[in-house]
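**Q** Please see the structure below; I have some questions.
Read the figures in this text as sums done on the coordinates, not as results from a lab. Remember, it's a predicted structure, so these values are computed and weren't measured experimentally. Here the Cβ positions follow ideal geometry from the backbone for every residue, glycine too, while neighbour counts run over all protein chains shown.
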C-alpha cells in the first residue's frame, strides 16, 4: 500500500498493468446449487451450513491478484419474475472490517437498495458491476482491483441524489454486539482530527481520508484482523462518519460518478495502517 496512489474520477478507464481475475459461483436452494456452494472454499454461517432457503439465490464473487483476494457474498430473495434482492457482505480479506454480513446499502428519496432489483454485470478482469433498477431509477456500482495493488476501487453512478452507506467493524466483531461491548475501543483519524467512539461527524473537504481502527483489537497486540480505511472525492460527494462501539458507518451522498477506494489492512498494526493512510499521496482528476 506504499506505492503512489492516483485517484481518478474516471477510475475505471485507465489501463491495467496486468490481469487480475474474477470468479463467480452461483447457487440456489436446489441440490445442484447447494453442491456448488459446498464445493467452493468460502462459506457463510459456518462451514457446511447453507445460507439460502427456497425462493432465494446467491452468488459468491471473488477478485484475485498477486497481492490480495476480495470475496463478496450476495444472497437474498428472488421474485417470480426473476428480480433479485440480495444483501452483500465482504468475507475477505477480513470478515470484520467491511462486514461479512452486509457492508453496502444506499437510499434515494424514500426508497433504498431493498426496493431495487439487482443484476450482476461485467464480472471479469478483476472486477464486477452491480446494476440496481427500480421504477424511474437505474444505478450501477463497479468494484475492481488492480494487479500488484491491494486496494478495492469502487465507482457508484446514480442518476439522482443517492446516499451510499458503507458499514465496517474495525479489526473485529469481538463475538457480537453484547459480548465485546466492553472490549471494543473504536476510533477514526482524518487529516484534520482524531474522532473518538460514539461520535457522528460531517467530514470537511480536507477529510477525504478516513482511517478506522480499534485500540484494543490491534494486531500489534496479537488481537484483531487489522484496521481499515476509505478515501473519497469531496468534490463529487459529501461524507458523514459515525464511529460506534460495534458497526461504524461512512455515508457519502451525491449523484453522477462517485469514486471511492476501500482499504482492508489485514494483519497490519494500527500504527502502520494509520501511517500508510497519512503518507499516501492523493491526486483528484476532475
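**Q** Do we have residue 157 as buried (at least 20 other Cβ atoms within 10 Å of the Cβ) and farther than 16 Å from residue 103 by Cβ here? Quick ask: steps written out before the conclusion?
**A** On the way: buried (at least 20 other Cβ atoms within 10 Å of the Cβ): no; farther than 16 Å from residue 103 by Cβ: yes.
For residue 157, the condition - buried (at least 20 other Cβ atoms within 10 Å of the Cβ) and farther than 16 Å from residue 103 by Cβ - is not met.
**Q** Mind telling me which of the residues 200, 165 ends up being free of Cβ contacts under 8 Å to residues at least 60 places away in the same chain and outside any loop (DSSP other than H, G, I, E, B)?
**A** 200
**Q** Which number in (1) over 18 Å from the mean Cα position of the chain (by Cα); (2) under 14 Å from residue 143 (Cβ atoms) marks the one condition that residue 83 misses?
**A** All conditions are met except number (2).
**Q** If you go through region 239-262 one residue at a time, do you hit one that is in a strand (DSSP E or B) and farther than 24 Å from residue 108 by Cα?
**A** The answer is no; no qualifying residue exists.
**Q** Inspect all residues belonging to region 225-232 and state whether any of them is at negative phi and more than 17 Å from the chain's Cα centre (by Cα).
**A** Among the residues of region 225-232, not one is at negative phi and more than 17 Å from the chain's Cα centre (by Cα), which makes the answer no.
**Q** Restricting to region 206-263, name every residue that is closer than 18 Å to residue 274 by Cβ and out of contact with any strand residue (DSSP E or B) (no Cβ under 8 Å at 6 or more places or on another chain).
**A** First, pick out the residues of region 206-263 that are closer than 18 Å to residue 274 by Cβ: 206-221, 223-232, 241, 243, 248, 250, 261-263.
Matches in region 206-263: 206, 216, 217, 218, 219, 220, 221, 223.
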